[in-house]
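The values are calculated or read from the model by the stated rules, or taken from the named source; none is laboratory data. On a predicted model such as this, the values are computed, not experimentally measured, just so you know. Note that each Cβ is placed from the backbone with ideal geometry, even for glycine, and that neighbours are counted across all protein chains shown.
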Amino acid sequence: MSKQDKPTIVLEKPVMSEHNILVANRGEIAMRIMRACRELGVAFTAIYTAEDEASGHVALARELGGPKSLYRVSSYHDANELMAVADDAGCTAVHPGYGFFAEDFRFARRVTKRDRKMIFIGPSWKIIRELGDKINTKRLARSLGVPTVPGSDRPIYDEMEAERIAKSVFEYQEQQGIKHPLVLVKASAGGGGMGIEEVYDPDQFRSVYRRIRSYALRQFKDEGVLIEQRIKDFNHLEVQIVSDRTGRHPIHFGTRNCSIQSTGRQKRIEVAPGFAPDTLEYTFDAAKVLTNIVDYSLAMAAKVRYDNVGTWEWIVTRAGEPFLMEVNTRIQVENGVSASISRVAGKDGVDLISEQIRLGLGDTLGYTQAEVASEGVGVEYRIIAEDPAANFTPWVGKIEKFSWQEAPWLTMFTHVPTDRPYEIPTEFDPNLALAIVWGKDLDEAKARGLEFLASLTLEGRNASGDALRSNVSFLKENTERLLRF
Amino acid sequence: MDNNIDKRIVALRERLDYLKDIFAGKNLGDSGLLEDRLEAFASRVREGSLRDDPYAELSSIEDLFGHVERRLDKRITAMDKVRIVRHPQRICLRDILENVYDNFTEVGGQDEYSLDPGMLIARAVIMRRSGKKTYSQAVMVIGQEKGHGAEYRNGGSVKPWGNAKAMQYMHVAETEGIPIHSYIFTPGAYPIEDYPGAAQQIARNIYGMAGLRVPIIAVTSEGGSGGAEAIGLADRRLMLSHGYYSVISPEGAAAIEGHIKAGERATPEMIEHCAENLHITAQDNLRFGYIDRIIEEPPLGARPWHFDFFRTLRQEVIRATDEVVISTRIVPGLRGLALNRHRAPEVNLDEMHISWALSPAAKDRLVEKRQQKFLHLSRYAVRDNRPLVARTTQACLDWVSRPFLNFKYDIYRKHQRRIKGFVEEIGNEWESFKSRMLAPWRNFKKSLRPKGEDKSKLELTELSAWTDDARQRRWNYLSPRYKIDRTVTCPNSESYGCLDLWGPDLYAEFAGVCSYCGHHFPMEPEWYVQNVFDKGSVNEFNAEIEAGNPLSFPTFDERIAAAKEKTGSRSGCMTFEADIEGIKIVVAMLMGTFRGGSFGAAEGFKFVEAAKRAARKRCAFLAYVHGTAGIRIQEGTHGVIQMPRCTVAVRRYIEAGGLYMVLYDTNSFAGPVASFLGCSPYQFAVRSSNIGFAGPGVIKETTGLDIPPKYHRSYHALSRGHIQAIWDRRQIRANLKQTLLTIGGRNLYYR
């Protein structure tokens, strides 16, 4: 898409009191959105399902918005129901949070194109669609000279061509001195980990290729296949992008490192900034890597005229090579950790969700990149009822005690009530709380993190009387290796 | 007491009952008169108070019966004829076998011990004399047996396997080289979908008969649409004067015309009205040209005791068979003489012998004549709006281009391929010679190039060229329903829990496919025209051919005009040429939006022309059935005749080496499926389509069977073997491309 064919958007300052935002989510993100709305002076409408009756977000909605602002729905996944609620409540905008409809361009399109039009608090649906397509994103990156994972950037339909590419991916890795080269074969129309397989032996490639191809044909009606290098040893970094509706001047809120993950590749600890070149030794020029990925991300955001908050996800290899992985066209769980180290015009207390809503409704940014600075190190712990020893199996039961030591450097986001027992609903992921700890440098942040974790009480029992299992000890153990490659 | 008198009284009572039955409450004065006379006489017989010559009195009563019958016969209506052919006293095929033929052996079953007792097959013999010599001529007699109402005969409503049996023995006759006499006594086929399938087997029969290499004579008493066509594609089509030949039973037509709901009945007036206006009698059909000759029946229709009638019938079928045989002779003069001799009224064909054996060349001519006969039927029943100049130009162009195209494809192309092969071979030799000679120079050049950073790395990290991005392709046409902001509930939501779909998503991006269960909502014909074929390649032809009202069916003029107004097309069949990734194909599309996709003379005209065009241009031929409810009933036999007609066209196309494919969408039922669609060797269906012979309501009505839900779903059709595969709507284009490259005959231009 060229810049010429996009209409010029002129921003008009929105009258906050004229808006009513449908909070199309649950749990802690719903609470954060509601608080942000309150802060901005925007009305909101919350939803909940029968299972979430006891969730903190329901109580908070009652407290901040009154009973009229709350609707019970049968599912968070039914767009029709959400639209009905929005119409009944007279909503003017929809905030999808993360998960559910956050990256569903069709939902965004429906919100903005229906007869009673609303604002989708997120990038425009065309951008969600454009960047939601992994091939498209990869090609966009390459067209701008942004590094991507070596391999094909279009679906391969021809077996001969596929084999030739796989062969050169193997050779390429050997040239790079990789001992055990791996090739990834994935269905180009796939997603969510379906239709992906690794190949470690070039002779094995053909049979894997054929398997994936027929799977893709059956599952996605498209036999196109992508062939890429499989990178094993890497750190997971992110760049937080923020832009107003014109999309002309995207800025960034720094980087994050999300390398501490569960075995199922779910993030458990996020740290901002992405590396700590001042305190730690790296085998590569970490500062330069951070600058590079920020620049690359901004270049892409400017190219597509990205018009809300979003995250560019990167993998950085041990050799210090960054590769663009994907773009998340939504607010992320870990947005708070970037906010915690950000200072706008020297002031702290940055709230990216509030920024997202404000910009989504059409407000101007009000500051420039030069006015955004960062200070210290932020660490976010995801406190989850699960058993890290048993492959992070979720634990389900009743939380009886949940408390921690408050501190000025600590922010807790949780929908779990602390004044009464809480039954964890089985329908959703068992995320209980996010704890964001700030320190003036990495060492202080780590020390405070450990202090917080030590003060945390989290107890409960399940139906058979077993004690609650949580990942707190896992978080403690991993605090030491934060930001180390 | 004379037993004989009693017997004759019983016979007269039967005659009276028959008369009362067939007039169903009409002509009560006449029947009352006869009844009074007969009962007065009968009571005197009982009381024993007969006068001097009871036989004379009896004869005079019989004369009176005859007189009244003759008189009533003059004002017989179409509906009376329907009641006549349905009456248990009506002659049956077994009566014909016993009285018309000299000897016969029933094959393929016996009475109720038969695969299908409704279909009777016999090897019969006709003895003829010529001078002192006696000749015995064998024929294969095939027909529906109503068995005077015997229940196991099922009223002559033949099941699919009964029609398969008929086809089997038609092939036996072909092998043995004996003519086929088929007798049509059916209200319609039994609408059951089990293999071989009511519709599909009829289609196979029609297709088979279109190329059968022996003379076929058909005699129609009750010609109920599809069931009749299953054995009706004949060289000579005779019809009994009191029979009917129709697209649908008058009751069925009345139910449709009167918008009758299940369980209700149409009024007798409505039924009578339909019977009249459908023009179903022998006289009507002779006028239309769909039968060749009427065999006169005795007043009020033939019954088993009308022995004179059987003699007439015998003469007629022999004459018809002889004529067919004679007409295959080459020398025109001799042929004319022989035919004239035959047609002389006083001639007794039993005393004249003509061999019914045919030479291979005569068989070719026989089949060609039969095919041409059907191709020429019903062409006048359409409104051809093409200007005369255009029509003649087209005809001339066809005539001129034929030899050119024949030369191009049959001679030039073949040699071209050979020449190309030769040139390629030379080229290969030259290349390998060049590479050997230039090897040192190449090695030198290579040594100059820097090592390392080679092409393969660039390929893995730089943007590649990508021209055909199929995923990014937007639909060329969106259903206008996409503009409406409303949610649509998937019919499977009860069973699969599909969430409601948002109309603008469903009818645009999703192509009308439920994103949860894959249910296909019906789309407009335009969707296919625009989205399946290459953009801008669609080139319609014969759009001027217009569906009319050939029977002048009451109020139908307005209705057909309304359909034209609504759809913007002039008939329910759009024929066009279009490309699929550069491969040109000819398409006949039956549009479900035009009067339910019903098929009449105009549609048949266009379909036949399309098949001819495809053959001429060596293109693949696709029948895309957006939807068809069957033959357009308001056109009567003008519609029915399209079944054999179009099948003949299709058979000629297939035999010329083409690729004939059928793709069903939405609902495809009845006549078209039971003929030119169902006979295709390559039939596919779009998901969620329904394919069948008769809809659930009609099945319930005619058979009393309760059919299971989703009985006609394409998946069932697939497991019954009626179709070859089920396609996703979004994949039609890709699948068509695949089929074009992999299946079909020897004579396709792109091969």
Q | Check on A:K186, outside any helix (DSSP H, G or I), more than 14 Å from every other protein chain (Cβ to nearest Cβ) and more than 29 Å from A:T329 (Cα to Cα) | A | no
(Q) Of everything in segment A:354-371, what is surrounded by fewer than 18 Cβ atoms within 10 Å (Cβ to Cβ) and either under 21 Å from the mean Cα position of the chain (by Cα) or of a type in the set (D, E, K, R) (or both)? Give them in sequence order. (A) A:E371
Q) If A:E163 passes every condition in (1) in a helix (DSSP H, G or I); (2) more than 14 Å from chain B (Cβ to nearest Cβ); (3) farther than 25 Å from A:G310 by Cβ; (4) touching a residue at least 24 places away in the same chain (Cβ under 8 Å) but one, which one does it miss? A) (2)
Q) What tally of residues in segment B:496-550 results from selecting those that are touching a residue at least 60 places away in the same chain (Cβ under 8 Å), of a type outside the set (A, V, I, L, M), away from chain A (no Cβ under 11 Å) and closer than 26 Å to B:L740 by Cα? A) 10
Q. Could you say whether any residue in segment A:306-313 is among the charged types (D, E, K, R), more than 28 Å from A:D387 (Cα to Cα), part of a loop (DSSP other than H, G, I, E, B) and free of Cβ contacts under 8 Å to residues at least 24 places away in the same chain?
A. no
Q: Kindly list the number of the only condition in (1) part of a strand (DSSP E or B); (2) within 23 Å of A:E477 (Cβ to Cβ); (3) not acidic (D, E) that fails for A:F323.
A: (2)
Q | Candidate set from segment A:111-155 (those that are hydrophobic (A, V, I, L, M, F, W, C) and away from every other protein chain (no Cβ under 11 Å)); member that is farthest from A:G360 (Cα to Cα) | A | A:L131
Q) Which condition number does A:M83 fail, the rest of (1) within 13 Å of chain B (Cβ to nearest Cβ); (2) crowded, with 17+ Cβ neighbours inside 10 Å; (3) within 21 Å of A:V309 (Cβ to Cβ); (4) more than 21 Å from the chain's Cα centre (by Cα) being met? A) (3)
Q. Can you find even one residue in segment A:271-286 that is among the acidic types (D, E) and in contact with a strand residue (DSSP E or B) (Cβ under 7 Å, 6 or more places away or on another chain)?
A. no
Q.
Regarding segment A:1-15, can at least one residue be identified that is in contact (Cβ under 8 Å) with a residue 60 or more places away in the chain, buried (at least 21 other Cβ atoms within 10 Å of the Cβ) and among the β-branched types (V, I, T)?
A. no
Q: From the list B:R370, B:R402, pick out the single residue that is exposed (fewer than 13 other Cβ atoms within 10 Å of the Cβ), in contact (Cβ under 8 Å) with a residue 24 or more places away in the chain and in a helix (DSSP H, G or I).
A: B:R402
Q: Give me a count of the residues in segment B:628-654 that are surrounded by fewer than 24 Cβ atoms within 10 Å (Cβ to Cβ), in contact with a helix residue (DSSP H, G or I) (Cβ under 8 Å, 6 or more places away or on another chain) and at pLDDT 95 or above.
A: 2
Q: Identify all residues within segment B:267-310 that are buried (at least 21 other Cβ atoms within 10 Å of the Cβ) and under 13 Å from B:M79 (Cβ atoms); write none if there are none.
A: B:I271, B:C274, B:A275, B:L278, B:H279, B:I280, B:T281
(Q) Whether any residue in segment A:242-254 is modelled with pLDDT under 90 and within 23 Å of the chain's Cα centre (by Cα) is what I want to check. (A) no
